[in-house]
Amino acid sequence: MVKAAVMRAFNEPLSIEEVELKAPREDEVLVKVTAAGVCHSDLSVIEGKIPVPPPAVLGHEGAGIVEEVGSAVKNLAPGDHVLLAWVQNCGKCHYCKSGKNHLCPTGFEMAMTGADNVFEKDGVGIGKMAGVGCFAEKTVVRETAAIKIRDDIPLDRACLVGCGVMTGVGAAINTVKIEPGQTVAVFGCGGVGLNVIQGAALTGATTIIAVDLLDSKLEQAKVFGATHTINGKNVDATQAIREATGGLGVDYAFEVIGVPAVITQAFNSVKRGGSAVVVGVPGFDQQVTVPGMSLPLEEKSLIGSLYGSANLERDMPRMIDLYMNHRLKIDELISRTIKLDDINAAFDAMKAGEVNRSVIVY
Ligand SMILES: [Zn+2]
Ligand SMILES: [Zn+2]
């Protein structure tokens with residue numbers, strides 16, 4: 001039996017309960033979870049915006065230590081420190097073979113359905129979010145969802161690379177290639193947005209404009225490398241971005257909230273030839289509108305970014321190295337360290353905009 005936070009119904013507090021965990025199948029590993037970040041996507045699942053049906057163990061940003069491996073697992077052994085990845089890959093499909101394993105449909109299906117009942121209670125299977133389910137003391141994941149990392153980084157720091165850091169930094173360094181001297185705007189300065197900002201700073205972008213509705217988040221944005229801040233409550237952000245860039249607009253505008261109207265705003269903030277990059281996830285029934293003429297006549301583009309367009313086995317250890325070499329901030333992302341029992345309060349703090357990240361330490 002392991003203690004887990006289970007979503008029993010949408011829009012209700014998670015239920016902290018003891019559940020059974022099955023032994024790993026041949027291509028799976030059992031991971032003792034040591035730390036897990038509470039990410040906005042967990043809240044989106046609770047709110048029914050990302051379709052994972054209850055009952056399910058949530059949590060998709062975690063780190064831990066391998067305890068047991070299935071008979072066909074070749075690359076991991078008990079004792080290995082790992083990050084949990086919310087897109088696992090099959091290694092065989094068109095996308096995996098062409099080096100884009102983060103787009104593997106097998107992994108995506110797992111992420112969106114939660115179907116894979118490694119957890120169970122009273123004979124009823126319980127799904128796990130994104131194939132991870134790390135709001136539990138232990139979980140069982142596919143081998144490809146456990147990425148081995150060096151063991152000298154504290155796991156309560158490393159866990160944030162599992163979602164927020166990889167998604168945000170990767171959007172800036174993988175999805176697009178920001179060049180030194182270019183200009184960037186970031187709409188939304190939550191846990192992922194701050195990582196887009198520090199990713200842009202790594203590339204040498206000279207102007208990094210943070211946009212949010214909360215001054216407290218804008219203060220955090222400066223810590224991560226924002227050179228300008230705009231509170232969208234007080235001014236028209238698109239106009240203010242143009243003013244800050246000599247009337248041009250930015251080379252890249254990142255939307256890290258998932259609100260269609262803000263995506264439109266981000267698109268309208270980029271200069272001719274520039275790109276708006278959508279990192280935030282709109283609701284599955286929402287449409288995004290942009291001025292169509294700007295696509296060809298201004299050569300502007302609207303592109304998406306999933307999981308930092310990362311090759312996870314290459315890029316997650318790279319993020320850890322950057323942190324260990326003081327080139328990437330992770331400590332500053334962690335506002336609170338909590339126990340699993342406090343998870344519902346962590347969602348309240350998130351909704352109130354009080355935290356960058358709460359991290360559960362088991
Ligand atoms: Zn996440
Ligand atoms: Zn695949």
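The values are calculated or read from the model by the stated rules, or taken from the named source; none is laboratory data. Remember, it's a predicted structure, so these values are computed and weren't measured experimentally. For neighbour counting, all protein chains shown are included, and Cβ atoms are generated from backbone atoms with ideal geometry for every residue, glycine included.
Does the range 86-95 hold any residues that are within 20 Å of the chain's Cα centre (by Cα) and either surrounded by fewer than 21 Cβ atoms within 10 Å (Cβ to Cβ) or within 16 Å of ligand 1 (Cβ to nearest atom) (or both), and which are they? Walk me through how you get there before you give the answer.
Initial filter on the range 86-95 (within 20 Å of the chain's Cα centre (by Cα)): 86-89.
Result: W86, V87, Q88.
Hey, can you tell me all the residues within the range 215-252 that are among the charged types (D, E, K, R) and either under 23 Å from I173 (Cβ atoms) or in contact (Cβ under 8 Å) with a residue 24 or more places away in the chain (or both)?
K217, K222, R242, D251
If I filter the range 176-193 for residues that are of a type in the set (S, T, Y) and in contact with a helix residue (DSSP H, G or I) (Cβ under 6 Å, 6 or more places away or on another chain), do I get at least one hit? Walk me through how you get there before you give the answer.
Filtering the range 176-193 down to residues of a type in the set (S, T, Y) leaves 183.
When the remaining residues are screened for being in contact with a helix residue (DSSP H, G or I) (Cβ under 6 Å, 6 or more places away or on another chain), the result is none.
No - not one qualifying residue is present in the range 176-193.
Could you please find all residues in the range 75-104 being free of Cβ contacts under 8 Å to residues at least 60 places away in the same chain and under 26 Å from V2 (Cα atoms)?
The answer is A77, P78, G79, Q88.
For the condition of a type in the set (F, W, Y) and in the same structural domain as A244 (by TED's automatic domain parsing), what is the one hit in F119, F187, F108?
Numbers: F119 fails: in the same structural domain as A244 (by TED's automatic domain parsing); F108 fails: in the same structural domain as A244 (by TED's automatic domain parsing).
Of F119, F187, F108, the one residue that is of a type in the set (F, W, Y) and in the same structural domain as A244 (by TED's automatic domain parsing) is F187.
Would you be able to tell me the number of residues in the range 98-140 that are away from ligand 2 (no atom under 16 Å from the Cβ) and closer than 17 Å to A36 by Cα?
Total satisfying the criteria: 11.
If we keep just the residues of the range 98-147 that are at pLDDT 90 or above and charged (D, E, K, R), which is farthest from L84 (Cα to Cα)?
D122
Conditions tested, residue by residue: (1) within 15 Å of ligand 1 (Cβ to nearest atom); (2) within 24 Å of N311 (Cα to Cα).
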{"position": "A36", "(1), (2)": "yes, yes"}
{"position": "V52", "(1), (2)": "yes, no"}
{"position": "G62", "(1), (2)": "yes, yes"}
{"position": "A72", "(1), (2)": "no, yes"}
{"position": "N75", "(1), (2)": "no, yes"}
{"position": "D80", "(1), (2)": "no, yes"}
{"position": "L84", "(1), (2)": "yes, yes"}
{"position": "K97", "(1), (2)": "no, yes"}
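When you look at E120, is it more than 16 Å from ligand 1 (Cβ to nearest atom), of a type outside the set (V, I, T) and touching an Asp or Glu at 6+ places or on another chain (Cβ under 8 Å), yes or no? So that I can check it myself, show each step before the final result.
Working: more than 16 Å from ligand 1 (Cβ to nearest atom): yes; of a type outside the set (V, I, T): yes; touching an Asp or Glu at 6+ places or on another chain (Cβ under 8 Å): yes.
Criteria met by E120.
Hand me the list of helices (runs of 4 or more DSSP H) wholly inside the range 251-362 holding 1 or more residues that are surrounded by fewer than 23 Cβ atoms within 10 Å (Cβ to Cβ) and among the charged types (D, E, K, R). So that I can check it myself, show each step before the final result.
Details: elements: 260-268, 294-297, 312-324, 343-351.
Answer list for the range 251-362: 312-324, 343-351.
Restricted to the range 126-165, and to residues that are touching a residue at least 40 places away in the same chain (Cβ under 8 Å) and out of contact with any strand residue (DSSP E or B) (no Cβ under 7 Å at 6 or more places or on another chain), which residue is farthest from ligand 1 (Cβ to nearest atom)? Before the answer, list the steps.
We begin by selecting, within the range 126-165, every residue touching a residue at least 40 places away in the same chain (Cβ under 8 Å); these are 126-153, 155-165.
Next cut, out of contact with any strand residue (DSSP E or B) (no Cβ under 7 Å at 6 or more places or on another chain) only: 130, 144, 150, 152-153, 157, 165.
Numbers: A130: 8, T144: 18, R150: 22, D152: 25, I153: 19, R157: 16, V165: 10 Å.
By that ranking, first place goes to D152.
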